There are 4 protein chains.
Amino acid sequence: MLLNCDMGESYGPWEKGDDAAVMPLVDWANIACGGHAGDPDVMARTLALAREHDVRCGAHPGYADRRNFGRVRREGPVDSLIHEIQAQIGALQAIAKSLGIVLHHVKPHGALYLAMMDDEALMVRLAEAVAAVDSSLVFVVQATPDRKRHAASLAHTGLALAFEAFADRTYAADGRLQARSNPSAVLHDPELVANHVQSLLQGVVDTPGGPLAVDAETLCVHGDNPAAYAALTRIRELIPRVS
Amino acid sequence: MLLNCDMGESYGPWEKGDDAAVMPLVDWANIACGGHAGDPDVMARTLALAREHDVRCGAHPGYADRRNFGRVRREGPVDSLIHEIQAQIGALQAIAKSLGIVLHHVKPHGALYLAMMDDEALMVRLAEAVAAVDSSLVFVVQATPDRKRHAASLAHTGLALAFEAFADRTYAADGRLQARSNPSAVLHDPELVANHVQSLLQGVVDTPGGPLAVDAETLCVHGDNPAAYAALTRIRELIPRVS
Amino acid sequence: MLLNCDMGESYGPWEKGDDAAVMPLVDWANIACGGHAGDPDVMARTLALAREHDVRCGAHPGYADRRNFGRVRREGPVDSLIHEIQAQIGALQAIAKSLGIVLHHVKPHGALYLAMMDDEALMVRLAEAVAAVDSSLVFVVQATPDRKRHAASLAHTGLALAFEAFADRTYAADGRLQARSNPSAVLHDPELVANHVQSLLQGVVDTPGGPLAVDAETLCVHGDNPAAYAALTRIRELIPRVS
Amino acid sequence: MLLNCDMGESYGPWEKGDDAAVMPLVDWANIACGGHAGDPDVMARTLALAREHDVRCGAHPGYADRRNFGRVRREGPVDSLIHEIQAQIGALQAIAKSLGIVLHHVKPHGALYLAMMDDEALMVRLAEAVAAVDSSLVFVVQATPDRKRHAASLAHTGLALAFEAFADRTYAADGRLQARSNPSAVLHDPELVANHVQSLLQGVVDTPGGPLAVDAETLCVHGDNPAAYAALTRIRELIPRVS
């Protein structure tokens, strides 16, 4: 089970997260591409930091909406969204290339991720768009009970897929995440997180509708505040870093 | 002598230039990358238009300053500028890739182009940055009396260079362009342009200090207004399209 | 019946519309505020042009989304939208003030206008926000069969209201505009526009469901292309300018 | 001696400074207007916070350059800069108005402030622009040995002026601030700051060229990090809040 974490979410003079502390603890960095967060300088220093810690770098494109941090769903032409996401991936890819780094994966961010999990046609469009830019990229999708159907729908893209579970989020009966509006949506206590992760490692998650199978290769973790960092440290004890 | 032309300088709902009319007449399209102009949709449709007419596509990155169309020199950290330009090239490159197009060249835009012609250290940094992203790109530089020195200074980047002359601009005695503030800086009359181009084809340009040798492989032309389009059509009579 | 027209929709180096030609023909200019279009320079020159022709100036705020020209509905917190709209009005107001111009009205733009016509609670929030900035502003709302209800709902704001009809748009049976996706939504032929306007002047509009009463004080006209300009000129023959 | 402090420098999801802690300690808040920092939501909540603590609100306009936080000097047409600054002031003014707050002052930010202190013609243009928007605003200028000349040059604007000294910055022999590149430019130790402030309260500042008279009505303080906050608290002991 590999740990993936959102990184590079600062912007110009504004810092967000403690990438220097978190980077050594994770396997994959999902790096903001200037859409919801990040800018070319932040991309460059986040890529360099990842390289220093042998962390694989992925693009974390999102709605081009810094003010809402890409967390508000955007209407508009899908073609336009596709071009935007390709441009974001390309921006990161070029800076990565200049640092001798080959991008490893793409994971849509925030409201775009939720939109694609709600709308398989959008998921397919996004995956096709990623494959058209670079077919060697791994595409990250949430591990839900629809995993097999998603895999079938995306097969023609040729992309390797990585299905992910969430280390600090509770699940609804249908295998989706509890909405953040739900007070128990986010686990803060490191021991609760540890229990949740141990369950996920066995391929099961507790839901209000009973235990549910979750088949994931990667675990999304956060480290952007002291509680999250403590939880991440605890998770690393359960899942030793391999590389 | 190949004709290069700035393209894709629309933005969102705003159109600029008549790319559909101009594209069939040129050899290389310098496509705006969302810095001084353009956006991912404009990039995509400009790339597709170029492909349709067998025109080679290049990146035309500039200062990230749409409001001034990249025509005002910007201060600030050079590293930041370099990352910005790499991100712009990468954005265009990813969309090009998704359309099956391999980018051919990079030509800095506007005030950035002038800044690099004034400051060879910046020219070198830009070329190194381009080479680090993709060493197969051709780098476009103005053909001045400093051509040989520029070529030597850029040799270590490994980039192929293309030196360009300007079809509709008059030259100063030092081989630089007359400043736009000079009323005679831009040639509008198609016959004056034709005479100027015929001279350039013979490797000479008239300047207030007498004739000057200009050694160029490519000619920058404009077609973004009726007069420019008429001049471009006239130039094409002098320089038949090869491909 | 006063003619209102959208103006100041250029941006930086990009021109849109022919404000110089249209301005002398209208009574009220709805000036973009840097959200969907415009920038401080465009605002200043549009305000100055309106003053020259004794045209009243209004703010035309919209979603802060130049790339979509404010024509795509945006989700997100209403408070945030309200602050955005107030900031846009204030930006125009300050530049107007510096030119000795007092703003006369506010008309929401594009998708925001449609959103408020679909959602009276939003209309009320917008009107309250306008009143809180300047209670002497006239608030422009579409004249529909709901006119009286809207007037009642907005009465507590103390704002003067101006209900508007559309000179070049066909109407649905419910008194709303035909969607632009409908091929007959926009009238292009000046004589068709003239007939439509003459009908509106008599307080009636043809709809697929039969004639419908439309009670309007102002007529929205466009002049942003040759056909629209011809129609506008024809309308001015029917409705002589008073001032 | 009144304390003024930069506030409202967060942006969208990014926080900067601890306005809640600092606000009760200052007399005047210089609130970012969406140019170098801030956005309409940040403006609204900063204005509300100031009102809660009876702090006077001023506009803190700057170069429209969030990525550099307004700290890089920008070239370009002065008229364009003037319109930009007026638009920023107006944006804040409208939101303030909607909260029942009357703006009290304007203080240019960052590189724009330095540019105006270097170029009195620009200072005059800025003051005229402010006066044209609202002649009741106080205009903040650095207290240097040129105070009298500045006052004379700005007299025709009719603006009240407030000359400011800097609580945590060391001075050059000419009465300007030591450049930030100078390691001793910023005072961090609260006791050093206290000594510096006590000297300023007596109208004198130490410089490498000996003591220099500084005639100021307001003191610029910072509280955007723990050391600055400690220094601010110490300053408040020396200068009790009056209101």
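Structure above, values below:
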quantity: B:V22 vs. criteria open to solvent by less than 30 Å² (accessible area, probe 1.4 Å) and without any contact (Cβ under 8 Å) to a residue 40 or more places away in the chain; calculated: no
quantity: Count - residues of the stretch B:166-208 that are closer than 17 Å to B:A228 by Cβ, of a type in the set (D, E) and surrounded by fewer than 18 Cβ atoms within 10 Å (Cβ to Cβ); calculated: 2
quantity: Out of C:A165, C:A173, C:A179, C:A155, sole residue that is out of contact with any helix residue (DSSP H, G or I) (no Cβ under 8 Å at 6 or more places or on another chain) and at pLDDT 95 or above; calculated: C:A155
quantity: Residue check for B:Q198: within 20 Å of B:L232 (Cα to Cα) and without any contact (Cβ under 8 Å) to a residue 24 or more places away in the chain; calculated: no
quantity: Test result for B:G210, more than 24 Å from B:H104 (Cβ to Cβ) and in contact (Cβ under 8 Å) with a residue 24 or more places away in the chain; calculated: yes
quantity: The listed residue being within 26 Å of D:G70 (Cβ to Cβ) and either at pLDDT below 95 or not in a helix (DSSP H, G or I) (or both), out of A:G76, A:G35, A:G58; calculated: A:G35
quantity: Matching residues in the stretch D:38-51 - criterion: being away from chain C (no Cβ under 14 Å) and either surrounded by 24 or more Cβ atoms within 10 Å (Cβ to Cβ) or touching a strand residue (DSSP E or B) at 6+ places or on another chain (Cβ under 6 Å) (or both); calculated: D:A50
quantity: Among the residues listed as A:V242, A:V197, A:V193, the single one being aliphatic (A, V, I, L, M) and in a loop (DSSP other than H, G, I, E, B); calculated: A:V242
quantity: Set A:L114, A:L99: member being open to solvent by 30 Å² or more (accessible area, probe 1.4 Å) and more than 10 Å from every other protein chain (Cβ to nearest Cβ); calculated: A:L114
quantity: Scope the stretch C:127-142; condition in contact (Cβ under 8 Å) with a residue 40 or more places away in the chain, under 10 Å from C:V106 (Cα atoms) and part of a helix (DSSP H, G or I); matching residues; calculated: C:V130
quantity: Cβ-Cβ under 7 Å pairs, at least 6 apart or on other chains, the stretch C:143-155 side of a type in the set (G, A, S), far side open to solvent by 70 Å² or more (accessible area, probe 1.4 Å); calculated: C:A143/C:D215
quantity: Test set (1) among the charged types (D, E, K, R); (2) without any contact (Cβ under 8 Å) to a residue 40 or more places away in the chain; (3) under 21 Å from B:R71 (Cβ atoms) - B:E164 fails condition number; calculated: (2)
quantity: Tally of residues being assigned to a loop (DSSP other than H, G, I, E, B) and surrounded by 18 or more Cβ atoms within 10 Å (Cβ to Cβ) across the stretch C:147-165; calculated: 1
quantity: Members of the stretch B:5-19 found to be of a type in the set (S, T, Y) and open to solvent by 10 Å² or more (accessible area, probe 1.4 Å), listed by number; calculated: B:Y11
quantity: Qualifying residue in the stretch C:16-33 (condition: in contact with an Asp or Glu (Cβ under 8 Å, 6 or more places away or on another chain), more than 11 Å from every other protein chain (Cβ to nearest Cβ) and of a type in the set (S, T, N, Q)); calculated: yes
quantity: Some residue of the stretch A:117-136 being crowded, with 24+ Cβ neighbours inside 10 Å, closer than 26 Å to A:Y229 by Cβ and in contact with a strand residue (DSSP E or B) (Cβ under 9 Å, 6 or more places away or on another chain); calculated: no
quantity: Qualifying residue in the stretch D:60-68 (condition: of a type in the set (G, A, S), over 18 Å from C:L92 (Cα atoms) and within 17 Å of the chain's Cα centre (by Cα)); calculated: no
quantity: Candidate set: the stretch D:80-91, residues that are within 7 Å of chain C (Cβ to nearest Cβ) and in contact with a Gly (Cβ under 9 Å, 6 or more places away or on another chain); chosen: the one surrounded by the fewest Cβ atoms within 10 Å (Cβ to Cβ); calculated: D:E84
quantity: Given (1) in a helix (DSSP H, G or I); (2) open to solvent by less than 30 Å² (accessible area, probe 1.4 Å); (3) of a type in the set (A, V, I, L, M), number of the condition B:L219 does not satisfy; calculated: (1)
quantity: Failed criterion for D:V106 (all others in (1) modelled with pLDDT of 95 or more; (2) within 14 Å of chain C (Cβ to nearest Cβ); (3) open to solvent by less than 50 Å² (accessible area, probe 1.4 Å); (4) over 30 Å from D:A213 (Cα atoms) hold); calculated: (4)
quantity: Residues of the stretch D:52-79 satisfying the condition of being more than 14 Å from every other protein chain (Cβ to nearest Cβ) and in contact (Cβ under 8 Å) with a residue 40 or more places away in the chain; calculated: D:D54, D:R56, D:G58, D:H60
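The values are calculated or read from the model by the stated rules, or taken from the named source; none is laboratory data. Note that this is a predicted model, so its numbers are computed, not measured. Using ideal geometry, Cβ is built from the backbone for each residue, glycine included, and neighbour counts are taken over all protein chains shown. Heads up: the accessible areas ignore ligands, DNA and RNA and are worked out on the full protein's heavy atoms, side chains in. Shrake-Rupley method; radii C 1.70, N 1.55, O 1.52, S 1.80 Å.
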